[in-house]
Amino acid sequence: MLEAKGLTKHFSNIVAVNDVSFRIEPGDVYGYLGPNGSGKTTTVRMLTGLLEPTAGGIFFNGRDIRRDLISYRKLLGFVPEEPHLYSYLSGKEYLELVGRLRSLPERLIATKAENLLVLFRLGPHRYAPISSYSKGMKQKVLICAALLHNPEVLIFDEPLSGLDVTSVLVFRDVVKSLAAEGKIILYTSHILEVIEKVCTTVMILHRGRVVANDRVEHLRDLMKLPSLEQIFRELVVEEDTERVAKDIVQVMKLRA
């Protein structure tokens, strides 16, 4: 079980995350939603041990992760929003590097890296430098790296960035299979349709505070709204998006 208790983060006078609490059980896919600047990425960085909370704590199986951060990170698979990779390495070399850093046996690294690259349709490009990869291909390498050591906890931060339609469908089914294996999964995304299909529970963050935290079907019943998109609009969106869209089109039509 992964649990956040009263998680808070300040940057000078700015409160990025304010008293956020949640619990993710094995087999749960926990959707973490919010507009830009709501505190999602800050939360993810605290959950991965990259940021120290100002207050509150993060617990894995009842133990504060800060008591042994190295052991916790061994159990963690993370796909960040931005694909920061060693561009001079090939996809195969990058996965080999990750496997060695994870202390996996060489033969196992070779087998897993080869199979993952092929399954994610990167086989023909396995020896090409990552600098030649498209954004979607780089994203697939990040996903392979996160799955390589069969982690217990998986954190996906906008994992579909740049992926083609087929890869999105494959990844969605991978997430469902991982949940069936009892993995603990946190999933942040702006694609509400995917969140609605793969997540068991959803938390919506707005200006660093929790405005909703419940199972998707319960939220729909509670708010008497048919979709997660409409729930999100009701709780978070402060603009008349249709009016803004029409105004943008009108500006496009302006002439000298």
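Of note:
- Scanning the range 10-58 for residues that are charged (D, E, K, R) and closer than 22 Å to His190 by Cα yields Arg23, Asp28, Lys40, Arg45.
- Selection within the range 16-69 - farther than 19 Å from Asn213 by Cβ, among the charged types (D, E, K, R) and under 17 Å from the mean Cα position of the chain (by Cα): Arg45
- Residues being in contact (Cβ under 8 Å) with a residue 60 or more places away in the chain, out of contact with any Gly (no Cβ under 7 Å at 6 or more places or on another chain) and among the hydroxyl-bearing types (Ser, Thr, Tyr) - total across the range 8-33: 2
- The residue that is nearest to Leu163 (Cα to Cα), counting only those in the range 44-87 that are of a type in the set (A, V, I, L, M) and exposed (fewer than 15 other Cβ atoms within 10 Å of the Cβ), is Leu50.
- Any chance Phe78 is farther than 22 Å from Arg207 by Cα and not in a loop (DSSP other than H, G, I, E, B): yes
- The set of residues in the range 162-195 being surrounded by fewer than 18 Cβ atoms within 10 Å (Cβ to Cβ) and not hydrophobic (A, V, I, L, M, F, W, C) consists of Gly162, Asp164, Thr166, Arg172, Asp173, Lys176, Ser177, Glu181, Gly182, His190, Glu193.
- Set side by side, the residues Val202, Val194, Val210 differ, and just one is in contact (Cβ under 8 Å) with a residue 60 or more places away in the chain, touching a Lys or Arg at 6+ places or on another chain (Cβ under 8 Å) and assigned by TED's automatic domain parsing to the domain that holds Val17, which is Val202.
- Leading residue by the ranking (nearest to Lys135 (Cα to Cα)) among those in the range 160-193 that are over 16 Å from the mean Cα position of the chain (by Cα) and of a type in the set (D, E, K, R): Asp164
The values are calculated or read from the model by the stated rules, or taken from the named source; none is laboratory data. Predicted model, so just to flag it, every value in this text is computed and none were measured. As a convention, Cβ positions derive from the backbone with ideal geometry for all residues, glycine included, and neighbour counts pool all protein chains shown.
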